[in-house]
Amino acid sequence: MESLITVILVVTLILFAGLNIFQETLDAQDALTATWQEMEEISGDRARTVLTPISSTIKSNGAIIEVILKNDGSTKLTDFDRWDLFVQYYTDSASYEIDWYPYVTTYPASNQWTNAGIYVDASSAESEVYEPGILNPGEEMIVQVQVMPTIGMTTTNMLTVATEYGIQASTIITR
């Protein structure tokens with residue numbers, strides 16, 4: 001009789017351990033499936049994202065760069081604070097600068113950038129009407145960057161912007 005109770009206890013423990021392992025395997029599979037679906041969604045957003053530089057100008061004696069970017073993809077672009085912006089340029093003293101610039105929501109101070117406006121057509125200053133603050137497909141955004149030290153005269157420089165999905169656009173800027 002004593003060995004029967006021991007057998008029942010051992011079998012119960014084995015069944016409990018087996019079921020617990022099975023449940024943990026199912027939970028891990030659920031987490032893997034959710035992560036895989038999220039990865040596919042981000043990959044799809046990347047495939048549908050196209051950012052095209054339209055024009056660029058240098059203002060304020062080389063201290064401010066303005067670039068017009070157009071969303072030629074089919075993905076709405078937001079979260080500008082998660083974008084990366086780099087400028088490679090020559091200064092008046094001919095030194096070569098490569099800098100990353102943080103995003104601000106206000107007018108940019110030295111070595112910062114901002115979204116100076118989203119437009120249906122930036123050249124005619126036709127403001128966006130649908131979903132303000134979001135760069136929808138077909139809309140244009142004016143990126144304003146303040147650099148310090150200033151950009152040198154008769155130099156060729158480059159600005160690169162990368163979205164949160166890793167899609168990048170580069171443009172050559174001359175002064």
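The values are calculated or read from the model by the stated rules, or taken from the named source; none is laboratory data. Everything numeric in this text was worked out from a predicted model, so none of it was measured. FYI the Cβ positions are ideal-geometry reconstructions off the backbone, even for glycines, and counts take in every protein chain you see.
Residue selection: GLU164 fails the criterion of being without any contact (Cβ under 8 Å) to a residue 40 or more places away in the chain, within 23 Å of LEU77 (Cα to Cα) and of a type outside the set (S, T, N, Q). How about the range 139-171: which of its residues are among the polar types (S, T, N, Q), assigned to a strand (DSSP E or B) and within 16 Å of the chain's Cα centre (by Cα)? Once the filter is applied, which keeps residues that are among the polar types (S, T, N, Q), assigned to a strand (DSSP E or B) and within 16 Å of the chain's Cα centre (by Cα), the range 139-171 yields THR160, GLN168, SER170. Go through the range 113-138 and give me each residue that's over 22 Å from ILE64 (Cβ atoms) and either in a strand (DSSP E or B) or not assigned by TED's automatic domain parsing to the domain that holds THR75 (or both). Within the range 113-138, VAL120, GLU126 meet the criteria.
ILE172 meets each of the listed conditions (1) buried (at least 17 other Cβ atoms within 10 Å of the Cβ); (2) within 15 Å of VAL67 (Cα to Cα) apart from (1).
Among the candidates SER3, SER43, the residue that is at pLDDT below 90, among the hydroxyl-bearing types (Ser, Thr, Tyr), surrounded by 10 or more Cβ atoms within 10 Å (Cβ to Cβ) and not in a strand (DSSP E or B) is uniquely SER43.
Here's a check for you: in the range 67-89, which residue that is buried (at least 20 other Cβ atoms within 10 Å of the Cβ) and either farther than 14 Å from ILE134 by Cα or not assigned by TED's automatic domain parsing to the domain that holds TYR130 (or both) is nearest to the chain's Cα centre (by Cα)? Per the criteria, the residue is LEU85.
Is it the case that the range 138-145 has a residue that's surrounded by 15 or more Cβ atoms within 10 Å (Cβ to Cβ) and at pLDDT below 95? Step through it out loud before you land on a result.
The initial filter retains those residues of the range 138-145 that are surrounded by 15 or more Cβ atoms within 10 Å (Cβ to Cβ), namely 139-145.
Still in the list and also at pLDDT below 95: none.
No, the range 138-145 contains no residue that is surrounded by 15 or more Cβ atoms within 10 Å (Cβ to Cβ) and at pLDDT below 95.
Each row is one residue, and each column tells you yes or no for (1) closer than 23 Å to SER124 by Cβ; (2) among the hydroxyl-bearing types (Ser, Thr, Tyr); (3) surrounded by 16 or more Cβ atoms within 10 Å (Cβ to Cβ).
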| site | (1), (2), (3) |
| --- | --- |
| GLN23 | no, no, no |
| ALA28 | no, no, no |
| LEU51 | yes, no, yes |
| ILE58 | yes, no, yes |
| ILE65 | yes, no, yes |
| ILE98 | no, no, no |
| PRO108 | no, no, yes |
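Any residue that is touching a residue at least 60 places away in the same chain (Cβ under 8 Å), closer than 16 Å to VAL50 by Cβ and touching a Ser or Thr at 6+ places or on another chain (Cβ under 9 Å) - is there at least one of those in the range 110-129? Among the residues of the range 110-129, not one is touching a residue at least 60 places away in the same chain (Cβ under 8 Å), closer than 16 Å to VAL50 by Cβ and touching a Ser or Thr at 6+ places or on another chain (Cβ under 9 Å), which makes the answer no.
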